[in-house]
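All remarks here apply to the structure that follows.
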Amino acid sequence: MTTILTILGAIIGNKTIIATFAALVGGLGLYLAGGISRAKKEAAKQAGKDLAAAQDRLEMDREATVAERQAAGMTDAEARAEAAKWARH
C-alpha cells in the first residue's frame, strides 16, 4: 500500500506529468464538444429538409384542392381529361 502511495505522490509531484494529463483531458473535452456540435448541426440540417418537404406537400395539396374544385362542375369526359394531366405515366 505504501508503494502505491509513493508512486502516486511522485506522479502528483511531477509537474510535467500533471501538465500532460491536463492537456489530454482538455483535448478529450474539446473532441467531445465538437462531436456534440456536429450532431446539433446535422439535426438542424435535417429539420430544414423536413420543413422543405412539408412545404412541398402543402403546396401540392393546395394545387390538388384547386383542381378538385374545378373538376366538381365538369362532365365525366372533362374530368377524365383533367385527371390525365395529373396521372403518372
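Taking the 0 to 90 degree range and rounding to the nearest ten, how far is the long axis of helix 15-71 tilted relative to the main principal axis of the chain, both from C-alpha atoms?
10 degrees
I'd like the orientation of helix 76-86 relative to the chain: the angle between its Cα long axis and the longest Cα principal axis, in ° from 0 to 90, rounded to 10.
Its long axis makes an angle of about 30 degrees.
Contour minus end-to-end for D76 and K49, with contour as 0.36 nm per residue of separation and end-to-end as the Cα-Cα distance?
5.8 nm
Go through A39, A84, G13 and say which Cα lies farthest out towards the positive end of the charge dipole of the chain; charges sit on Cβ, +1 for Lys and Arg, -1 for Asp and Glu.
It is G13.
Rolling a 1.4 Å sphere over the protein heavy atoms, what is the accessible area per residue of the chain, to the nearest Å²?
Ligands and nucleic acids excluded, the figure is 88 Å² per residue.
To make sure I understand the rule: partners must be lysines, Cα under 19 Å from the Cα of K49, and not fewer than 8 residues away in the same chain. Which ones qualify?
Answer for K49, where 19 Å is the Cα cut-off: K40, K41, listed by chain and number.
Highest GNM mean-square fluctuation, the chain, Cα pairs closer than 10 Å: which of E42, E59, E78?
E78
Carbon and sulfur: what percent of the chain's accessible surface (1.4 Å probe)?
65 percent
How much mean residue ellipticity at 222 nm does the chain get from its helices, if each DSSP H run of length 4 or more adds -39500 (n - 2.57) and you divide by all residues, to the nearest 500 deg cm²/dmol?
Using -39500 (n - 2.57) per qualifying helix, the result is -32000 deg cm²/dmol.
Note the angle between two axes, namely the Cα long axis of helix 2-13 and the longest principal axis of the Cα atoms of the chain, as a number of degrees from 0 to 90, rounded to the nearest 10.
The helix 2-13 is inclined about 70 degrees to the chain.
Using all C-alpha to C-alpha distances in the chain, build P(r) with 10 Å bins and read off the rounded percent in each one.
In whole percents, the pair-distance histogram is 13, 17, 14, 12, 10, 9, 8, 7, 7, 3.
The values are calculated or read from the model by the stated rules, or taken from the named source; none is laboratory data. Bear in mind the structure is a predicted one, so any value in this text is a computation, not a measurement. So basically every Cβ, Gly included, is an ideal-geometry build from the backbone, and we count neighbours across all protein chains shown. In case anyone asks, the SASA skips ligands and DNA or RNA and just uses the protein heavy atoms, side chains included. Shrake-Rupley method; radii C 1.70, N 1.55, O 1.52, S 1.80 Å.
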